[in-house]
1. Leaving out same-chain residues fewer than 8 places away, which aspartates and glutamates sit with a Cα under 19 Å from that of LYS128?
2. Could you work out which residue, out of MET386, MET109, MET244, moves most in a Gaussian network model of the chain, that is, has the largest mean-square fluctuation with Cα springs under 10 Å?
3. Evaluate the charge dipole of the chain about its Cα centre and quote only its size in Debye, nearest 20, assuming +1 on the Cβ of each Lys and Arg and -1 on the Cβ of each Asp and Glu.
4. For PHE224 and PHE191, calculate 0.36 nm times their separation in residues minus their Cα-Cα distance, and state this gained length in nm to one decimal.
5. Remind me, relative contact order of the stretch 52-133 in percent, using alpha carbon pairs under 8 angstrom and six or more residues apart?
6. What percent do you get for the relative contact order of the chain when only Cα pairs under 8 Å and 6+ apart count?
7. So for the stretch 3-47, taking the charge dipole from beta-carbon charges (+1 Lys/Arg, -1 Asp/Glu), which of VAL32, ILE21, SER43 sits furthest toward the positive end?
8. Answer with one residue from ALA287, ILE266, ILE188: the one whose Cα lies farthest towards the positive end of the charge dipole of the chain, charges on Cβ with Lys, Arg +1 and Asp, Glu -1.
Amino acid sequence: MPSYSYKARDSHGKAVTGTVIAATEFDARRNVQRDGALVTEISLAETEINVDEIRTKIAARRVTRDEVIALASQLGVMLDTGVPLSHAIDAFIEQSRRRGRRANLTPVMTDVAARIASGDPFSSALMKFPRVFPTLMISLMEAAEASGSMGVMLGRISEYLGKERKIIKQIRGALAYPMMMLSLAFGITAFLVTWVLPRFAKIYESREAALPTVTQIILTISNFTTAHWPLIVGGMVASVIGAMLFRKSVFGCRFIDRFKVQAPVIGPMFTLFYVTRATRTLGTLLASGVPLLDAVRIVRGVTDNVLWQDLWNDIEETVTAGRRMSEVLLNSELIPPSAAQMLAAGEDSGRLPEVLNRVAVTSEDDLDTAVKTATQLIEPAMIIIMGATIGFVAIALLLPIFSVASTMSN
């Protein structure tokens, strides 16, 4: 944290000077005045580069979600058993140092402990590291500080983040297989075309033999690839850059997000993923006492899909106008009709948090089935594509071999 130099007058009117470490200038002024002094001047101290602060920022970029889950779980257990928050954080830091685990989170929590010792609330200390601690966790900590249920809330956060992590791994696992198969097919094909096939062609060139049509087609592609590879590599790089720029554009972002939820095989998988994340997040927030409008704004921030963000914008406008949230959900194409009906019933009965959590559980089970179904459909499709691609090149290589004996005799 930065260091501030100050000039003040104590309770007897005597001029005093000094430095204080605080997160902001306001906190520094407050810490000085807490001792009964009146601050007359305060500014950032001219110090050398803070190596510890730089190391903390670097470590914060490397913290994984699994480390945050372990932190929330351990702190929740200790707070439930009556351990004060500061002692619980110190115990976590000491345990991490002894075991040599969670090395990236250790300096982050050391900074959090220093901020708490200077008078900052736990939620404010976590807010200084948005890359490490999700918005949901900070919001729930603010609600827990007001209600005095930090232990229970940390346990709930650990459970929520654990389920969220599991779902993300399922989605990535289902999409990693086809990408790996396509990359393997491309690599094998490139090896055959650029290295193996030209060596077969030299045999026929020396014997003045005509190559089969299929082989001639592949050989033409091979010659073009080897002769113009800088252009091909440049084109691939330009395509990647163009795809990234397209993804960042308004039209491209909306197009890709719409494709995610409407694609034949992966569409149901992404739809259930967004439904599970949205309902679980909203249900957790409402059950923790967060107001509905604030909860809607938080859920909108954790939904990384433009179409769903539009949905939450509509819900916010509807709720602000005094109408029911279910009016938007029942007319939305993003929410399955059965889930929308359950949420409408929960809103009417005043049991919306419970219904949201039940919908999240049901959607998660359906997501498991959707991931398995998508994997079962993708596997044979990838095998067919890979076999057809490599098989076509293999035929181009084998056809000349079948006639090599007659070619050599001639």
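Taken together, the values in this text are just the output of simple stated rules run on the coordinates, not laboratory data. Please read these numbers as outputs of a predicted model, since none were measured by experiment. Using ideal geometry, Cβ is built from the backbone for each residue, glycine included, and neighbour counts are taken over all protein chains shown.
1. GLU25, ASP27, ASP52, GLU53, GLU67, ASP90, ASP111, ASP120, GLU142, GLU145
2. For the chain, modelled as a Gaussian network with Cα springs under 10 Å, the answer is MET244.
3. Dipole size: approximately 920 debye.
4. Between PHE224 and PHE191, full extension yields an extra 10.4 nm.
5. Relative contact order comes out at 40 percent.
6. Relative contact order, the chain: 14 percent.
7. My answer, from the dipole projection, is VAL32.
8. So the residue furthest toward the plus end is ILE188.
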